[in-house]
Structures are given as structure tokens and as C-alpha cells.
1. Kirkwood hydrodynamic radius, computed over distinct alpha-carbon pairs, for region 175-314: how many Å, to one decimal?
2. Roughly what angle does helix 84-96 make with the longest principal axis of the chain, taking Cα atoms, 0 to 90 degrees, to the nearest 10?
3. Taking every DSSP beta bridge with both residues inside the chain, roughly what % is antiparallel (nearest 5)?
4. Among 123-133, 80-90, how do they line up by average Cβ neighbours within 10 Å per residue, starting with the highest?
5. Expressed in nm to one decimal, what extension gain is obtained for the pair residue 305 and residue 124 from 0.36 nm per residue of sequence separation less their Cα-Cα distance?
6. Taking the mean number of other Cβ atoms within 10 Å as a proxy for protection, how do you rank 243-249, 52-58 from highest to lowest?
7. Just grab the label-to-label distance for residue 298 and residue 28, each label 7 Å out from Cα along the Cβ direction, in nm (one decimal).
8. Which of these, 194, 229, 101, has the largest mean-square fluctuation under a Gaussian network model of the chain (Cα springs below 10 Å)?
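What follows is calculated from the coordinates using simple rules that are stated; it is not laboratory data. Being a predicted model, the structure only gives us computed values, none of them experimental. Reconstructed Cβ throughout: ideal geometry from the backbone, glycine too, with neighbour counts over all protein chains shown.
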């Protein structure tokens, strides 16, 4: 990484007149800075003098605006923001962006509608078969399997070992109680700028499609079952299980190892805490926790967990 303080501030649209300029060549935590380091301090209560009193002056620090006064007495350069983590992310994504080079690995087995000159990257050992279409600038890492009727948007990132479009878990018992497969005839539709984690599975729909909306980010080891509909900008953390026919609104957070029962609705802006087992609809903006999941603060009170005063609900 090669940049300068002035280039960073210019990219963020900040006033550069009063800032010193020096080269930046590395990113590191605040406990490991050297000359030319770009770093981030997110905790509001952190002591900047304690962190940087012995550090070189040629350090660019992103931190919370609450540190404004103490930053005045330190030689380092500070970017003060109400959301320093967001600013830091934007800068790093800008600096570390790679030029997109389309490439299809020789070992990829492609039996689909993707033209070989399509603007995608497909890694070693991928298997792509069926009626599959993939949008521009999509990256498919090694060992991904995509099959059936699958539509993938632009700027999607599929991490290694993801499995997209396999049939879901649907059976009906006959008169003797023997499970009979319910054919899974639908597909999968993945929007633009979606990320799908390593070893994550997204099953195809039974008759319609399983749908993952634009800007959804799915972590590793997640299972998304048949007929699930996920709205835009949701975040689904590692190990979560979203069972069949669940409908999730936009901007929902589902925590690590959370599980839903079939056919429920999770409203826009809702939060399912880590390990939550959700067996009922979750209203928009609601946060639920526990097994079985209930409103978050009810869950804490039932366990006699005392919240810090600043975080208590009004």
C-alpha cells in the first residue's frame, strides 16, 4: 500500500489545508504503529495519550469525534468522525482494490450458459452446471458448486466450498410412513453485490425460487433452505440456519448459530442475537434472544442480567 495523508483526506472529501502530509505504507493496530502507519481506534473510552505518547508523529489515526480535545496535544494526524470504522473501511477498500481481471481456471468444469469471455473469475475445481447465469465482475473462488436454475448478479463474491442450487430437504410420508421426496423444481436468484461465505449452502426452491436480495452478506457455514426470501442488505453470521420458506425483510441481522423454524417472517431492521432459536414471527425493528427467542430485554431480565444504565431501554 502506497499513499499519503493528503490523498486519504482528499478521497474522503475532508479539508486538507491544516493537515501535515507524509507517506503511508502500512496498516496496523494502534499497539503496533511505526512511521507511515494507518490505524484505527474505535473505543470511545480509549486513552489516546496512552496509545500514542511514544509513537512516531508520522501516523494517521482514525478515531471517534469524542477524542477531539486530547488529540490536539498529540503529534500524530487524526481523522475524527462519528463513525471512524466506516471511514476506515472506505479508505482501505479504496486503497486495496484490485484491478479486475476475468479468468476461468482450466480445472473448472463448466456445463452452463456462461460464455467463456464473460467478465467473471472462476477458481480451480469449480463445478458449474445447469441453467446458470453469472453477472459481471463476479468472483467464484475454488471448489464452488453451482447447479440447477441459478441466476447470480453482478459483483457477487462466492467463497470457497459454497454450494448453490442443490435440492432442498423436502419429503412427504406415504401410507406406510416411508419418506417420499418432494421434487425441488425451483431455482436460486442471487442479487448484486452479495457475498456468500465458505462452505455455505443455498438450496433451490421447491416450485418457485430461493431469493437472496442485493447487498446481502452471508458468513461461512450458513444454511439457507428452499423457498427462503431474504431482503436487501441483510447480514447473516456464521453457523446460522434459515429453514424453509422463511421471509426476511431488509437490513436484518441474524447472529452466529441462530436458527429459525419454517415459514416465519422476520421484519425489516430486526435483530436475532447469537444462538437465538426463533419459532415465531419477529416484528420490524424487534430484537430477540434466547431459546426459544423472546424480546431481548425480557430475555436478559429473566436471566437476571443487569444492563449498564446507559444501555437500558427507556
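1. Numbers: mean 1/r = 0.0640 Å⁻¹.
The Cα-based Kirkwood calculation yields 15.6 Å.
2. Between helix and principal axis, roughly 80 degrees.
3. Working: 7 of 75 bridges.
Once the DSSP bridges in the chain are tallied, antiparallel ones form about 10 percent.
4. Working: 123-133: 17.1, 80-90: 14.9.
Listed from highest to lowest mean packing, they are 123-133, 80-90.
5. On the way: separation 181, 0.36 × 181 = 65.16 nm, distance 4.93 nm.
Between residue 305 and residue 124, full extension yields 60.2 nm more.
6. Numbers: 243-249: 20.7, 52-58: 15.0.
So the order, starting with the most tightly packed, is 243-249, 52-58.
7. Between residue 298 and residue 28, the simple spin-label model gives 5.1 nm.
8. Comparing 194, 229, 101 in a Gaussian network model of the chain, the most mobile one is 101.
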